[in-house]
Amino acid sequence: MRSADERPRAQGGDGPGVRPLASAGTGGFVERHGLWDERQHVAAGQVRRVIDELGLDKVRFSFADQHGVLRGKTLTREAVPGALRSGVTAPSSLLLKDTSGRTVFPVFSGGGLADGRFAGAGDIVLVPDMTTFRVLPWAERTGWILCDLYHPDGTPAAFCSRGLLRGRLAALADAGYDLTVGVELEFHVYRPASEGAVPVAPGRPGAPGPAPEVAPLSSGSQLLHEEGLDRLDDLVDLLYRGLTGLDLPLRSLELEFGPSQLELTLDARDAAQAADDALLARAAVRQICRRNGYHATFMSRPATVETASSGWHLHQSLRHRATGEAAFDPAPDPAPDPAPDAEPCSAPGSVSGSAPGEPLSPVGRHYLAGLLEHAPAATVFTTPTVNGYKRYLPMSLAPDRVVWGIDNKGAMVRVVGARGEGGARLENRSGEPAANPYLYIASQVVSGMDGMARRLDPGPPTTDPYDAGARGLPGSLDQALNALDADPVFVKALGQDVVSWFTTIKRAEFARYLAHVSDWEQREYFDLV
């Protein structure tokens, strides 16, 4: 977060009548339960100063639900000090809904979920993480802050996905490693075909209505075409200014292969921060586009797309906590024997144990093997929607097999060798851009740590990533859920409650999908039989 004196002054920020924001004070929920450390208290003071100097009127207090969608409340300036003392309450049932907004657990009869903590759809408490505060570039005099979730007794909320990731990263830290993550998100942007009222689903207020009608912005077959991107320069500039205005580490905006398809990449960062970045970037893209007459979607394969689905390629590497050195880098190849009169040389700090020409250290190989071993179960988290499985197609630059390759973009995991300062890394190409960032990354940590603990071997790299004999990724969300049920590693790492919570929600979604009569069925059978 930038300090107040580093932020651009909002229009009219110190106009007449702007009163200084009151101190957050003491004695509230946050202090009683010791939920802030010194860093949070310092950041809170900076936030109050920014709000005063820029004359902000509103602050959005937001959290990521189980689907990686932002939920929360917008508070007035006057209400902010109370929220900093005691958080913001919201219905706990928000954590129990499928993607249609339907609560899939019997909360009013208790349901036995998390020792009854969600009975009656009572409250959860949103506690702001003051280090995430931002000023929205596209909304007048408005701040934005991410929150962690707690139960009213001050214990972490059972199903806070941000907290679940932090728990897995803490376990990784106990093993002596930190995780670095780089994000590549593909998405589609369209022009709405017509302006008008938002369509509403008949018979059930709040359910998803008909999808908006849209028109493409580009024709496809345009990968990295500079002139094609130039035609979208107005949109690119809007996204650039919005994302960088949020202090997100935007690295590139690129034209992808399919019609209306783009990609954004973010600089590699600490895993917890990278997850926040991905969450905010998606929300920012959608909000910026909507305000400027576009429709952006991170749905993997929209019905309008005939040539290319969207993926989320997750780059990951470990660092030694003690030294900060890259843990996946292999040992250098041995130097040739020196001439008899040459001085002996050494390579201080080199990693031992890698075979000559090996792209990864032993730690990297074990971590990679864990990703492969648990890929079918982890797919519930990397590809959590029914639609995402329509992306797994052979010969498509999207994986459909559980294999790894050296710089092979058809493999599920692509190993990228050490270059410059980056170090060796693994790129998991199986994820969809709609995945919850916290659960996606957590699934990688769970899988990789098991590979390290058991010293698993990934076997040789593939040269044929679509080999029909290779183990396939799940072909549907239902198959992925069955794979998760059969893999005890996730229950051991996340807890039975968490796994049951997420699988129950996803099975409810899949059951609704099966019950729906699709356009394809209507076309195929209605007149024929």
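When you scan region 241-292, how many residues do you find that are assigned to a strand (DSSP E or B), open to solvent by less than 20 Å² (accessible area, probe 1.4 Å) and among the hydrophobic types (A, V, I, L, M, F, W, C)? Even if it seems obvious, please write down each step before you answer.
Taking region 241-292 and keeping what is assigned to a strand (DSSP E or B), we get 250-255, 261-270.
If we keep only those that are open to solvent by less than 20 Å² (accessible area, probe 1.4 Å) too, we end up with 255, 261-266.
Then keep just the ones that are among the hydrophobic types (A, V, I, L, M, F, W, C); that gives 255, 262, 264, 266.
Number of matching residues: 4.
Residue check: is V59 modelled with pLDDT under 95, touching a Ser or Thr at 6+ places or on another chain (Cβ under 8 Å) and buried (at least 19 other Cβ atoms within 10 Å of the Cβ)? Spell out the reasoning first.
Working: modelled with pLDDT under 95: no; touching a Ser or Thr at 6+ places or on another chain (Cβ under 8 Å): yes; buried (at least 19 other Cβ atoms within 10 Å of the Cβ): yes.
For V59, the condition - modelled with pLDDT under 95, touching a Ser or Thr at 6+ places or on another chain (Cβ under 8 Å) and buried (at least 19 other Cβ atoms within 10 Å of the Cβ) - is not met.
Table: residues versus (1) more than 25 Å from L393 (Cβ to Cβ); (2) at pLDDT 95 or above.
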| site | (1), (2) |
| --- | --- |
| A275 | yes, yes |
| A278 | no, yes |
| A284 | yes, yes |
| C289 | yes, yes |
| A308 | no, no |
| L314 | no, yes |
| S317 | yes, yes |
| A322 | yes, yes |
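Take the residues in region 113-166 that are of a type in the set (D, E), in contact with a helix residue (DSSP H, G or I) (Cβ under 9 Å, 6 or more places away or on another chain) and not in a strand (DSSP E or B), then tell me which one is farthest from L439 (Cα to Cα). Let's see the steps before the verdict.
Residues of region 113-166 of a type in the set (D, E): 115, 123, 129, 140, 148, 153.
With the extra rule that they be in contact with a helix residue (DSSP H, G or I) (Cβ under 9 Å, 6 or more places away or on another chain), the set shrinks to 115, 123, 129, 148.
Filter again for not in a strand (DSSP E or B), leaving 115, 129.
Working: D115: 22, D129: 19 Å.
Top of the filtered list is D115.
Quick check on this structure: which one of T385, T379 is closer than 17 Å to S310 by Cα, of a type outside the set (A, V, I, L, M), open to solvent by 30 Å² or more (accessible area, probe 1.4 Å) and modelled with pLDDT of 95 or more?
On the way: T379 fails: open to solvent by 30 Å² or more (accessible area, probe 1.4 Å).
After applying the criteria, what remains is T385.
Would you check if there is a residue in region 429-444 being farther than 30 Å from T99 by Cα and of a type in the set (S, T, N, Q)? Please lay out each step first, then the result.
Start the filter on region 429-444 by keeping residues that are farther than 30 Å from T99 by Cα, which leaves none.
No, region 429-444 has no match at all.
Right, L179: among the aliphatic types (A, V, I, L, M), under 16 Å from the mean Cα position of the chain (by Cα) and within 30 Å of M452 (Cα to Cα) or not?
Working: among the aliphatic types (A, V, I, L, M): yes; under 16 Å from the mean Cα position of the chain (by Cα): yes; within 30 Å of M452 (Cα to Cα): yes.
In short, yes.
What helices (runs of 4 or more DSSP H) lie completely within region 437-529 and have 2 or more residues being under 23 Å from R166 (Cα atoms), out of contact with any strand residue (DSSP E or B) (no Cβ under 6 Å at 6 or more places or on another chain) and open to solvent by 10 Å² or more (accessible area, probe 1.4 Å)?
Values: elements: 437-453, 477-485, 488-494, 496-515, 519-525.
Those helices (runs of 4 or more DSSP H) span 437-453, 488-494, 496-515.
Between a first residue in region 251-270 that is without any contact (Cβ under 8 Å) to a residue 24 or more places away in the chain and a second residue that is assigned to a strand (DSSP E or B) and open to solvent by 30 Å² or more (accessible area, probe 1.4 Å), which pairs have beta carbons less than 8 Å apart while being 6 or more apart in sequence or on different chains?
What qualifies is R251/D267.
Can you tell me which residues in region 384-400 are among the charged types (D, E, K, R) and over 17 Å from T297 (Cα atoms)? Full working, then the answer.
Looking only at region 384-400, we keep the residues that are among the charged types (D, E, K, R), and these are 390-391, 400.
Within region 384-400, D400 is the sole residue that qualifies.
Restrict the check to region 416-432 and report whether at least one residue is at pLDDT below 95, under 24 Å from the mean Cα position of the chain (by Cα) and either surrounded by 24 or more Cβ atoms within 10 Å (Cβ to Cβ) or assigned to a strand (DSSP E or B) (or both).
Scanning region 416-432, I find at least one residue that is at pLDDT below 95, under 24 Å from the mean Cα position of the chain (by Cα) and either surrounded by 24 or more Cβ atoms within 10 Å (Cβ to Cβ) or assigned to a strand (DSSP E or B) (or both), so the answer is yes.
Only one residue in V125, V80, V181 is out of contact with any Pro (no Cβ under 8 Å at 6 or more places or on another chain), over 30 Å from A308 (Cβ atoms), open to solvent by less than 50 Å² (accessible area, probe 1.4 Å) and aliphatic (A, V, I, L, M). Which one?
Numbers: V125 fails: out of contact with any Pro (no Cβ under 8 Å at 6 or more places or on another chain); V181 fails: over 30 Å from A308 (Cβ atoms).
Result: V80 is the single residue among V125, V80, V181 that is out of contact with any Pro (no Cβ under 8 Å at 6 or more places or on another chain), over 30 Å from A308 (Cβ atoms), open to solvent by less than 50 Å² (accessible area, probe 1.4 Å) and aliphatic (A, V, I, L, M).
What is the residue count in region 44-69 for residues that are of a type in the set (S, T, N, Q) and outside any helix (DSSP H, G or I)?
So in region 44-69, the residues of a type in the set (S, T, N, Q) come out as 46, 62, 66.
From what is left, the residues that are outside any helix (DSSP H, G or I) are 62, 66.
So the answer is 2.
Out of R391, R414, R401, R425, I need the residue that is over 17 Å from T463 (Cβ atoms), among the basic types (K, R) and either touching a Phe, Trp or Tyr at 6+ places or on another chain (Cβ under 9 Å) or without any contact (Cβ under 8 Å) to a residue 40 or more places away in the chain (or both). Which one? Steps first, please.
On the way: R391 fails: either touching a Phe, Trp or Tyr at 6+ places or on another chain (Cβ under 9 Å) or without any contact (Cβ under 8 Å) to a residue 40 or more places away in the chain (or both); R414 fails: over 17 Å from T463 (Cβ atoms); R401 fails: over 17 Å from T463 (Cβ atoms).
Unique residue meeting the criteria: R425.
Hey, could you check region 388-404 for residues that are in a loop (DSSP other than H, G, I, E, B) and at pLDDT 95 or above and say which is surrounded by the most Cβ atoms within 10 Å (Cβ to Cβ)? I'd like the intermediate steps shown before the answer.
Of all residues in region 388-404, those in a loop (DSSP other than H, G, I, E, B) come to 392-400, 402-403.
Right, trim to at pLDDT 95 or above and you get 402-403.
On the way: V402: 22, V403: 27.
So the residue we want is V403.
For residues that are more than 25 Å from the chain's Cα centre (by Cα) and either more than 26 Å from D276 (Cα to Cα) or assigned to a strand (DSSP E or B) (or both), tally how many sit in region 70-104. First the steps, then the outcome.
To start, the set of residues in region 70-104 that are more than 25 Å from the chain's Cα centre (by Cα) comprises 75-86.
Keeping just the survivors that are either more than 26 Å from D276 (Cα to Cα) or assigned to a strand (DSSP E or B) (or both) gives 75-76, 78.
Count: 3.
Residues that are touching a helix residue (DSSP H, G or I) at 6+ places or on another chain (Cβ under 7 Å) and under 24 Å from V30 (Cβ atoms): does region 95-112 have at least one?
Checked against the condition, which is being touching a helix residue (DSSP H, G or I) at 6+ places or on another chain (Cβ under 7 Å) and under 24 Å from V30 (Cβ atoms), region 95-112 yields no hits at all.
Looking at region 184-197 only, could you name the residues that are assigned to a strand (DSSP E or B) and open to solvent by 50 Å² or more (accessible area, probe 1.4 Å)? Break it down into steps so the answer makes sense when it comes.
Filtering region 184-197 down to residues assigned to a strand (DSSP E or B) leaves 184-192.
Within region 184-197, R191 is the sole residue that qualifies.
Quick one: T103 ticks every box in (1) of a type outside the set (K, R); (2) touching a residue at least 24 places away in the same chain (Cβ under 8 Å); (3) buried (at least 18 other Cβ atoms within 10 Å of the Cβ) bar one, so which box is it?
Here T103 meets the rest and fails (2).
Take region 222-240 and flag every residue that is on the phi < 0 side of the Ramachandran plot and open to solvent by 50 Å² or more (accessible area, probe 1.4 Å). Outline the logic, then answer.
Of all residues in region 222-240, those on the phi < 0 side of the Ramachandran plot come to 222-223, 225-240.
Within region 222-240, L223, H225, E226, E227, D230, R231, D233, D234, D237, L238, Y240 qualify.
Matching residues to (1) farther than 19 Å from E184 by Cβ; (2) among the charged types (D, E, K, R):
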position: D270; (1), (2): no, yes
position: A303; (1), (2): yes, no
position: R319; (1), (2): yes, yes
position: P332; (1), (2): yes, no
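The values are calculated or read from the model by the stated rules, or taken from the named source; none is laboratory data. This is a predicted model, so every value here is computed, not measured. Counting neighbours? That spans all protein chains shown, and the Cβs are built from the backbone with ideal geometry, glycine included. Ligands, DNA and RNA are stripped out before the accessible areas are found, and what is left, the full protein with its side chains, is counted by its heavy atoms. Shrake-Rupley method; radii C 1.70, N 1.55, O 1.52, S 1.80 Å.
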